[in-house]
1. Per residue of the chain, what 222 nm ellipticity follows from adding -39500 (n - 2.57) for every DSSP H run with n ≥ 4, rounded to the nearest 500?
2. Rounding to the nearest 10 and keeping the result within 0 to 90°, find how far the Cα-based axis of helix 263-284 lies from the longest principal axis of the chain.
3. Under 13 Å from the Cβ of MET83, count the other residues' Cβ atoms, weight Lys and Arg +1, Asp and Glu -1, and hand me the total.
4. Relative to the longest principal axis of the chain, what angle (0 to 90°, nearest 10) does the C-alpha long axis of helix 80-95 take?
5. With everything on Cα atoms, drop me the angle between helix 302-312 and the longest principal axis of the chain, reported from 0 to 90° to the nearest 10.
6. Tell me the relative contact order for the stretch 1-153 as a rounded percent, counting alpha carbon contacts under 8 Å between residues six or more apart.
7. Please state the relative contact order of the chain as a whole percent: Cα pairs under 8 Å, 6+ residues apart?
8. Within 14 Å, Cβ to Cβ, of ILE255, how many net charges do the neighbouring residues add up to if Lys/Arg are +1 and Asp/Glu are -1?
Amino acid sequence: MTFDYANLRQRRPTIVGAGAYVPDIRMSTARIARIIPGWTPERIVDRTGIHERRYLWDIDDDTGKAIEPARGDGSLPTSGVDMSEIALRKALQAARLRSASLDAIFVVTCTPDRPSFGQDAMALHRRLDCRADCYAMVFDSGCGGTMYVFDMVAKMVAAGAIRTAAIVGSNFTSSMVDRDLYTQSIPLDGSDKSIGAFLSAYVFGDGAGAIILQGEDDGERGVVASVAGNEHLDLVFRPGGGALLPPCSPRSRPIDTAFVVNGALVQQSYLRCMRQSLDHVLARASTPVDAVRRYYMHQPNQRLLEHFAASMGMRPDQLASNVARHGNTSSAGMLILLAEDIERGAVALGSGDLVAFAAIGAGAHVGAQLVRL
């Protein structure tokens with residue numbers, strides 16, 4: 001189903017709130033390189049541009065394993081759902097809405113606290129005391145999933161199926177850091193080459209971001225153009241944990257539960273797919289690249305992000321980026337960037353600022369939006 005957002009005069013999907021949570025623990029590149037041997041700190045910075053990443057859980061330098069924090073009284077976040085709840089409550093507060101207004105909560109993550117039955121979304125639904133008829137669903141995806149779901153939700157809002165929805169992106173990888181696991185490698189199918197898992201430990205960080213989309217009667221603000229699609233690319237390998245390779249099966253190896261990034265394929269597909277999706281939404285709205293105030297794009301690493309931005313002809317002031325200090329926060333990245341920009345006044349909801357989102361990741365989901373705030 002295709003919607004002509006440019007001519008939509010009612011129920012235009014509009015971002016009315018945004019929020020984010022980024023943990024306090026700063027894991028330097030020098031420290032993670034000592035914990036997970038593979039590349040030197042200098043090579044990590046040279047290849048990725050990432051100087052530190054934020055972790056919710058600390059890591060034991062001697063054992064190389066994540067340290068589960070004491071649960072305490074619940075005042076401090078210790079899980080992915082905790083981070084998501086903080087981000088979503090901030091977004092609702094920014095939108096001046098109560099949770100009872102939500103018709104749907106979509107949590108986009110590949111690192112849920114509980115892997116089955118949509119439990120992370122159900123936990124958010126319960127914590128916020130949402131209506132019984134408010135959808136609560138986990139969308140199993142990584143970096144590209146947020147903008148993919150954004151496209152779906154925007155169409156639901158435009159069609160009048162729902163009026164107000166929350167999209168939450170969450171990434172919680174610090175709990176999975178394990179030297180024994182992430183110093184292993186996996187073979188590439190049909191090749192005598194293998195890929196080391198250590199790159200995932202170097203690039204990913206923790207965090208959560210949320211936006212509230214609402215159908216508004218104002219014909220000026222809101223989604224101007226949106227696109228989503230699929231690219232059948234194994235950008236990240238993680239075959240274990242399913243029915244074919246359950247963790248308790250003798251067929252499963254420990255490495256099957258690790259996230260293993262195919263860095264070469266990420267670089268090739270990112271440049272092509274990001275350009276295609278951004279070109280589509282900009283062309284549909286007859287908008288030149290330099291007319292967009294800010295670009296919120298998936299950040300595989302700082303080097304690749306800057307290379308792509310330069311190839312598109314973006315000015316430095318148009319590019320939002322935090323990957324050098326936060327790490328790659330996967331599905332949460334674009335939403336955290338928007339929330340940070342709003343907090344520091346770079347853009348403002350209700351201002352009419354024109355912004356763009358774009359992402360590709362994992363299996364792979366692709367999506368892009370052009371939005372007037």
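Computed from the coordinates by the stated procedures, all read-outs in this text should not be read as laboratory data. These figures come from a predicted structure and were not determined experimentally. Don't worry about glycine lacking a Cβ; one is built from the backbone with ideal geometry, like all the others, and counts go over all protein chains shown.
1. -9000 deg cm²/dmol
2. The helix 263-284 is inclined about 0 degrees to the chain.
3. -2
4. Roughly 20 degrees between the two axes.
5. Computed tilt is about 40 degrees.
6. Relative contact order for the stretch 1-153 comes out at 21 percent.
7. Over the chain, the number comes to 26 percent.
8. Here the charged neighbours net out to +1.
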